[in-house]
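Down below is the structure, laid out as structure tokens.
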């Protein structure tokens with residue numbers, strides 16, 4: 001029952017955000033876009049998310065925690081969704097990731113360290129020579 005309520009709430013929230021920020025414009029853009037490029041972009045996005053999952057899996061494995069890829073995927077998607085809805089980047093999504101990581105029996109200190117390592121690796125990748 002919780003899953004159904006969550007799904008319905010998520011669908012309403014999704015469409016609510018779209019229509020709040022100009023839903024007809026979004027729909028028109030999607031209808032006029034080339035579906036081939038749209039699906040290619042979607043595949044690339046899923047591949048990038050998969051790489052994020054592999055990164056978090058590697059960080060957790062180094063600490064001797066085994067969390068399934070599917071579970072990590074759900075955790076990362078949840079964090080990304082909250083990040084998109086909060087005005088400050090990473091302000092809402094990272095605590096959500098921490099919450100769900102602790103639900104997988106990872107202590108809060110280890111989960112926090114993992115998320116900090118993940119953010120640090122992202123920041124380091126932005127540095128130039």
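The values are calculated or read from the model by the stated rules, or taken from the named source; none is laboratory data. The structure presented is a predicted model; accordingly, all values stated were derived computationally and were not measured. Please note: Cβ atoms are built from the backbone with ideal geometry, for glycine as well, and neighbour counts cover all protein chains shown.
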(message) Residues that are within 21 Å of residue 124 (Cβ to Cβ) and without any contact (Cβ under 8 Å) to a residue 60 or more places away in the chain: list the helices (runs of 4 or more DSSP H) wholly contained in segment 1-106 that include at least 1 such residues.
(response) 35-62, 69-85, 93-102
(request) Name the one entry in 88, 117 that is at pLDDT below 95, out of contact with any strand residue (DSSP E or B) (no Cβ under 9 Å at 6 or more places or on another chain), over 21 Å from residue 18 (Cα atoms) and not assigned by TED's automatic domain parsing to the domain that holds residue 17. (result) 117
(request) Please state which of the following conditions residue 70 fails to meet, knowing it meets all the rest: (1) surrounded by fewer than 12 Cβ atoms within 10 Å (Cβ to Cβ); (2) farther than 21 Å from residue 3 by Cα. (result) (2)
